[in-house]
Amino acid sequence: MTKDTIIQFHNVRFCYDEVCAINNVNFNILENSLTAIIGPNGGGKSTIFKILSGLLKPDDGHFSLRKGSTIGYVSQFTDFDLSFPITVLEMVLSGTICKKVKPFYRYKKSHRDKARNAIKRVGLEMYEDRGINQLSGGELKRAVIARALASDANIIVLDEPDSSLDVEAAADLYRILINLKSDKTILIASHHLDEVIDIADSVLYVKSTVTKFSSTEEVKEKLGGGIII
């Protein structure tokens, strides 16, 4: 692993029973970059993300993170009960918890400062006291990203955060991600190919195995009708 590399996959394979989702996957990700993960449904994008996040273990091969690196994983589907009476600040504060919570646990000022900084970075500082059930779809996605930021993770993995967002909300999200890569490594899976490729430093095309493109121009040259040929 070179000094600029923060993630490396080497000959990784993972199968669900007899069906292999990914096979012979090799790639590396550079620190403080934004990488777009594209490809067909069922091609293995979510499997790669789950391996990165420790939810799955490779059947073969291995992957490595730079020492001291941690992952903030934002899944495609928000797993918060929107009927639960919790504010944006309270939700983001929960991202600062790194150990088992003891009874009567109280957040420290440093936790609150960290959560408020994360909220500010995603542009929700005016919504700290708003209930999460009062947020729009785009605002909720940004709040979930803030929760990942509050965990101090230096790698943020986003599984289709732009799904179901309107054009304006998606554009807001992309602007936030561009700013975050100044001190975070961002991986984003998306079906919004034109938009996400335009903000990416590199692109991984996932269809069982992985093809890495080091320039967005190279990807666009190989796009035909929205599908890489």
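Ranked by how many other Cβ atoms sit within 10 Å of their own Cβ, fewest first, the residues Glu139, Glu160, Glu125 fall in the order Glu125, Glu139, Glu160. Summarising the label geometry, the points placed 7 Å from Cα in the beta-carbon direction at His191 and Asn11 lie 3.5 nm from one another. Taking every DSSP helix (H) stretch of at least 4 residues in the chain, weighting each as -39,500 (n - 2.57) and dividing the sum by the residue count yields a mean residue ellipticity at 222 nm of -8500 deg cm²/dmol. A cut-off under 14 angstrom between Cβ atoms defines the neighbours of Asn32, and their net charge, with Lys, Arg +1 and Asp, Glu -1, is 0. Taking other Cβ atoms within 10 Å as a rough exposure proxy, Asp129, Asp159 sort from fewest to most as Asp129, Asp159. Ranked for footprinting exposure by Cβ neighbours inside 10 Å, fewest first, Ser83, Ser33 give Ser83, Ser33. Measuring how big the chain is from its alpha-carbon positions, Rg and Dmax come out at 17.9, 57 Å. A viscosity of 1.306 mPa s and a temperature of 10 °C, combined with the Kirkwood radius over Cα pairs in Stokes-Einstein, give a translational diffusion coefficient for segment 88-151 of 136 µm²/s.
Judged by the mean number of other Cβ atoms found within 10 Å, the most tightly packed of the peptides 167-180, 8-21 leads the ranking 167-180, 8-21. Determine the alpha carbon to alpha carbon distance for each of Lys181/Lys222; Lys45/Lys212; Lys50/Lys114; Lys67/Lys181 and list only those over 22 Å. Violating the 22 Å limit, Cα to Cα: Lys181/Lys222; Lys50/Lys114. Each Lys or Arg adds one and each Asp or Glu takes one away; over the other residues whose Cβ falls under 10 Å from the Cβ of Tyr174, this sums to -3.
Against the chain, whose longest principal axis is taken from its Cα atoms, helix 137-150 shows a tilt of about 90°. In the chain, the longest principal axis of the Cα atoms and the axis of helix 109-121 are about 50 degrees apart.
Return one number: the angle in degrees, 0 to 90 and rounded to the nearest 10, between the long axis of the Cα atoms of helix 167-180 and the longest principal axis of the Cα atoms of the chain. Between helix and principal axis, roughly 90 degrees.
Read-outs throughout are calculated quantities, based only on the coordinates presented, and are distinct from any laboratory measurement. This structure is a prediction, so every number in the text was calculated from the model and none was measured. So basically every Cβ, Gly included, is an ideal-geometry build from the backbone, and we count neighbours across all protein chains shown.
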